[in-house]
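Notes follow once the structure below has been shown.
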Amino acid sequence: MWHRPHLLTALADLLYLAGFAALLAAAVVWGAPRWRLFPLTEVEVTHELQETRRSEIEEVLAPVLRGSFFTVDIEALRRSLESLPWVRRAELWRRWPSRVEVRIEEHRAAARWGEGDGQLVNTYGEVFPALLSREQQLPRLSGPAGSSGEVLRRYAEFAEMLGPTGRLPAQVLLSPRLAWLLRLDDGMLVELGREQSKAPIRTRLQRFVDYYPTVSNARFGRPAAVDMRYPNGFALRLPASAAHDVKGKK
């Protein structure tokens, strides 16, 4: 062996590795009881929250806020915070000697989702389950599962195009057959139908905007619905009262 330097080098490396492992194990055994000398005394949220209450944070952290500054499970704390309705994302850092710093990104509600009041859409187009803490005039969006981002994008597009009419979409619906339906803030329905290469949705809605000033007949009033699914025209549906008047005067 003494005439084989490479074997001696390998043996020395192995002995060094074993010694390091022994020292590390000893440090762990020695230090573990002493880690209790570094208790975690504070969890600090670094900025003001709009929707998430302090009591909610305390409630979800209490079951997982165990251990010392060194042993507390940061990942478990993060998951607990992100289980709160209005928390979109949470980030946490250890701050010596006894504090955990928390940064929370809250959802910002952009619209209601679906028929009920238990789901909202945030500004990223993500659906999240929560209730509004105060009354807000938000549009109502709905569509097939996974379509919330597209419906929110279309809502913004439709709202911009409707600007010259002075109206806004109060509701945007994407049907299971991928047909678009708008309800304006004055209650009028606008049926746009499905996207088509020969008659795109934008083209049909622009035609509605162009003819909007003449859509409301001075004699019979504003129509209940406008069907824009035709390639080169549209159809009006009068309110029931106006339709009755028309029949009575024939």
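Bear in mind that the values in this text are calculations on the coordinates, not laboratory data. All of these numbers come straight from a predicted model, not from anything done at the bench. FYI the Cβ positions are ideal-geometry reconstructions off the backbone, even for glycines, and counts take in every protein chain you see.
The table that follows gives values for the structure above.
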{"read-out": "Euclidean distance between Cα centres, segment 48-72 to segment 82-103, Å", "value": "8"}
{"read-out": "Intensity falloff of segment 109-248 expressed as log10 I(q)/I(0), Debye formula with alpha-carbon point scatterers, at q = 0.13, 0.17, 0.21 Å⁻¹", "value": "-0.60, -0.95, -1.26"}
{"read-out": "Segment 139-243: chymotrypsin sites (Phe, Trp or Tyr not before Pro) in DSSP coil with no more than 15 other Cβ atoms inside 10 Å", "value": "PHE220"}
{"read-out": "Loop-located trypsin sites (Lys or Arg not before Pro) in segment 112-220, at most 16 other Cβ atoms within 10 Å (DSSP)", "value": "ARG134, ARG177, LYS198, ARG219"}
{"read-out": "Reciprocal of mean inverse Cα separation for segment 38-106 (Kirkwood radius, Å)", "value": "12.0"}
{"read-out": "Filtered GluC sites (Glu not before Pro), segment 88-191: DSSP coil and at most 12 other beta carbons within 10 Å", "value": "GLU115, GLU135"}
{"read-out": "Two-site label geometry, THR46 and LEU173: point separation in nm, points 7 Å out along Cα→Cβ", "value": "4.6"}
